[in-house]
1. As I understand it, the dipole of segment 206-354 uses +1 on the Cβ of Lys and Arg and -1 on the Cβ of Asp and Glu, about the Cα centre. Which of Gly278, Tyr353, Gln229 lies farthest toward its positive end?
2. Would you be so kind as to identify which of Cys321, Tyr254, Leu367 lies farthest towards the positive end of the dipole of segment 251-376, taking Lys and Arg as +1 and Asp and Glu as -1 on Cβ and the Cα centre as origin?
3. Would you mind working out the magnitude of the charge dipole of segment 319-376 relative to its Cα centre, with +1 at each Lys and Arg C-beta and -1 at each Asp and Glu C-beta, to the nearest 20 Debye?
4. Under a point-charge model restricted to the Cβ atoms of Lys and Arg (+1) and Asp and Glu (-1), what is the dipole moment magnitude of the chain relative to its Cα centre, in debye to the nearest 20?
5. With springs only between Cα atoms under 10 Å, which of Glu256, Glu70, Glu336 fluctuates most in a Gaussian network model of the chain?
6. Under the 0.36 nm per residue contour assumption, what length would be gained going from the current alpha-carbon distance of Glu17 and Glu71 to full extension?
7. Give me the extension gain from Ile286 to Lys171: residue separation times 0.36 nm, minus the current Cα-Cα distance, reported in nm with one decimal.
8. Per residue, what accessible area does segment 112-224 have, given a 1.4 Å probe and all protein chains present, in Å²?
Amino acid sequence: MHIQEVQARIIKNSRGENAIEVIVNKKYKASAPSGASTGKHEVSCFSDKGISFSVDFINKHPHFKNFSLEEFSDLRIFDSFVSILGGNAVVALQGACLQAIAEGNVASYLSSRLKFPIPLGNCIGGGAHSKSFGTDIQEFLLLSKMKSMEDRILLNRYVYDIIGKLTKAKKKTDEGAFVLQKTNEEVFLFLSSILDQMKDYGYSVHLGVDIAASQLYKDRKYYYRNSSQKKKILSRAEQIALVNEWIKKYGLTYVEDPLQEEDFSGFAMVEKKTLVCGDDLITTNIARLKIALKEKSVNSIIIKPNQIGSLVKTKEIVDFCKKKEIQTIISHRSGETMDSIIADLATAWHIPYIKTGIFGKEREVKLQRLVELENR
Ligand code: 2PG
Ligand code: MG
């Protein structure tokens, strides 16, 4: 594929922040999202010079005019630009070039056999994703394992709408989840009762959480603001005990970031009958995953391309996880754009789970893309 022209510009993401969009040959677009609860070990979205520098650099530098790209692995040539332009610029650049190579159909270009992921839908939340007083737990997640992609998505949305009707909640988190005047434990009980009733009707929806524990952690303690527990400031041992109690009591099938982002050995003490997932702990970084494997910290990890600043490195860690039997969850960010490439990557690379919300146009566009791919 001959790349004649690469243009970059600034758009707004779902949080109203500046985001980068790259357009190749006037037709193929990609943009990159941003987190609010970012991990310490993620690459920076942009360099110290900011987003405008990256946009100008891409627009003016002769490097980004008149060149050829033949296949996915050729995108590696952009990896070295992360330190100059930031991870978001490189991911948008690679995404737009990949769309061009694939002529707009990334999933079918990357694989002749698509496989559909289980969606994790954020229905109630708080933490760093809510300015108003939400739960300490950042995300309460629904996992429906129906046969078709379309039914999985519909079922998550059905439960989400029930929550909306029952609570009449008006406020939403950055990811479109409801912000409720309830404690963490009250939400567990509330959701368990809804999901139990669903089970009586033959619909099985599982419950997971992203605790995003680094956001609760300060001076070697975990601080809770909105908990029914008597004790609001927990030691590491108490945090581990609390998470294990939640897993057992509420039958959680998925627990993301139960402990702060440096505590590999603490993660190892979390009950592994469930999916214990590293997001801030791993930051889509193979070197950190290798430490986690040695310490038996996790059995699953979040995959966010902009955490590592490369689609090629993203593919590498996905392949590595398959070899090591580590489950992968490709994920949106809290500040999202209308880009839906993660849906294509999930289906083509056979990533078993996708976390991309339930409500809001930037979330729904990815879910719609999954349904579109299933129906073709
Ligand atoms: C997370 C993400 C996405 P953020 O913690 O998993 O849900 O949040 O993009 O703010 O890091
Ligand atoms: Mg997370």
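The values are calculated or read from the model by the stated rules, or taken from the named source; none is laboratory data. The structure displayed is predicted, hence computed values, not measured ones. Cβ sites come from the backbone with ideal geometry, for glycine too, and all protein chains shown count toward neighbours. These accessible areas exclude ligands, DNA and RNA; they are computed on the full protein's heavy atoms, side chains included. Shrake-Rupley method; radii C 1.70, N 1.55, O 1.52, S 1.80 Å.
1. Farthest towards the positive end: Gln229.
2. Cys321
3. The calculated dipole for segment 319-376 is roughly 160 debye.
4. Result for the chain is approximately 520 debye, rounded to the nearest 20.
5. Ranking Glu256, Glu70, Glu336 by mean-square fluctuation puts Glu70 first.
6. Taking Glu17 through Glu71 to full extension adds about 16.2 nm, to one decimal.
7. 37.7 nm is the gain from fully extending Ile286 to Lys171.
8. Each residue of segment 112-224 exposes 47 Å² on average to a 1.4 Å probe.
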